[in-house]
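Structure record follows, encoded as structure tokens.
The values are calculated or read from the model by the stated rules, or taken from the named source; none is laboratory data. Computed from a predicted model, the values in this text were never measured in an experiment. Because the Cβ atoms are built from the backbone with ideal geometry, glycine has one as well, and the counts that use them run over all protein chains shown. Note: areas computed on protein heavy atoms with side chains; ligands, DNA, RNA excluded. Shrake-Rupley method; radii C 1.70, N 1.55, O 1.52, S 1.80 Å.
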Amino acid sequence: MSNNIEKTITAAHSGGSDPNIYSALTLAYLGDCVYEMYVRSYLVSDGNHKVCELHKAATKYVCAASQAEFFHKIEGMLTNGELAAFKRGRNAKSHPPKNADVIDYKIATGVETLIGYLYIIGETERISELMSHLFK
């Protein structure tokens with residue numbers, strides 16, 4: 001298993017993995033992690049803070065409503081391929097949690113799929129470019 005993980009990470013960083021071999025929800029699963037890593041990195045970029053404060057701040061960015069708002073900020077910047085990845089995730093059959101609006105949750109899943117898609121094809125600079133709009 002370790003060898004498979006290494007291959008996936010190496011392929012993702014080199015842009016050598018085909019995102020079409022993954023389901024939309026698998027890309028969303030990966031994208032959720034990458035998205036949260038960017039949020040956490042942003043939050044600690046200005047110095048050391050109490051972990052409970054960091055967690056509270058992070059939850060404001062990683063909830064479905066915030067991710068839906070983020071999508072509306074970047075929607076006009078997306079390429080056709082990126083928009084297709086987003087729609088693939090948005091339209092995937094999933095079950096929203098009870099505390100999330102269904103429309104926001106679907107959009108959030110689309111955002112996570114988009115981020116996972118970009119990560120898999122090695123477009124980390126593009127992720128950074130898009131994510132910078134989250135914090136404006």
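Every listed requirement among (1) open to solvent by 30 Å² or more (accessible area, probe 1.4 Å); (2) modelled with pLDDT under 95 is met by ALA100 save one, (1). Where helices (runs of 4 or more DSSP H) fall wholly inside the stretch 78-135, the ranges with 1 or more residues that are in contact with a helix residue (DSSP H, G or I) (Cβ under 9 Å, 6 or more places away or on another chain) and within 10 Å of LEU27 (Cβ to Cβ) are 80-90, 102-120. With respect to TYR42, determine if the residue is within 18 Å of the chain's Cα centre (by Cα), open to solvent by less than 80 Å² (accessible area, probe 1.4 Å) and within 17 Å of SER132 (Cα to Cα). For TYR42, the condition - within 18 Å of the chain's Cα centre (by Cα), open to solvent by less than 80 Å² (accessible area, probe 1.4 Å) and within 17 Å of SER132 (Cα to Cα) - is not met.
Answer with yes or no whether ALA92 is surrounded by 16 or more Cβ atoms within 10 Å (Cβ to Cβ), aliphatic (A, V, I, L, M) and at pLDDT 90 or above. In short, yes. Please name all residue pairs, on different chains or six or more residues apart, with Cβ atoms under 9 Å, provided the first residue is in the stretch 37-53 and is more than 19 Å from LYS136 (Cα to Cα) and the second residue is open to solvent by less than 100 Å² (accessible area, probe 1.4 Å) and of a type in the set (A, V, I, L, M). Cβ pairs passing all conditions: HIS49/LEU43; HIS49/ALA57; GLU53/LEU43.
GLU69 passes every criterion in (1) part of a helix (DSSP H, G or I); (2) open to solvent by less than 70 Å² (accessible area, probe 1.4 Å); (3) touching an Asp or Glu at 6+ places or on another chain (Cβ under 9 Å) apart from (2). The residue that is modelled with the highest pLDDT, among those in the stretch 46-66 that are open to solvent by less than 90 Å² (accessible area, probe 1.4 Å) and part of a loop (DSSP other than H, G, I, E, B), is CYS63. Here LEU134 fulfils each of the conditions (1) at pLDDT below 95; (2) surrounded by fewer than 17 Cβ atoms within 10 Å (Cβ to Cβ) apart from (2). Look at MET37 and say whether it is at pLDDT 95 or above, surrounded by fewer than 18 Cβ atoms within 10 Å (Cβ to Cβ) and over 15 Å from the mean Cα position of the chain (by Cα). Against the criterion (at pLDDT 95 or above, surrounded by fewer than 18 Cβ atoms within 10 Å (Cβ to Cβ) and over 15 Å from the mean Cα position of the chain (by Cα)), MET37 does not qualify.
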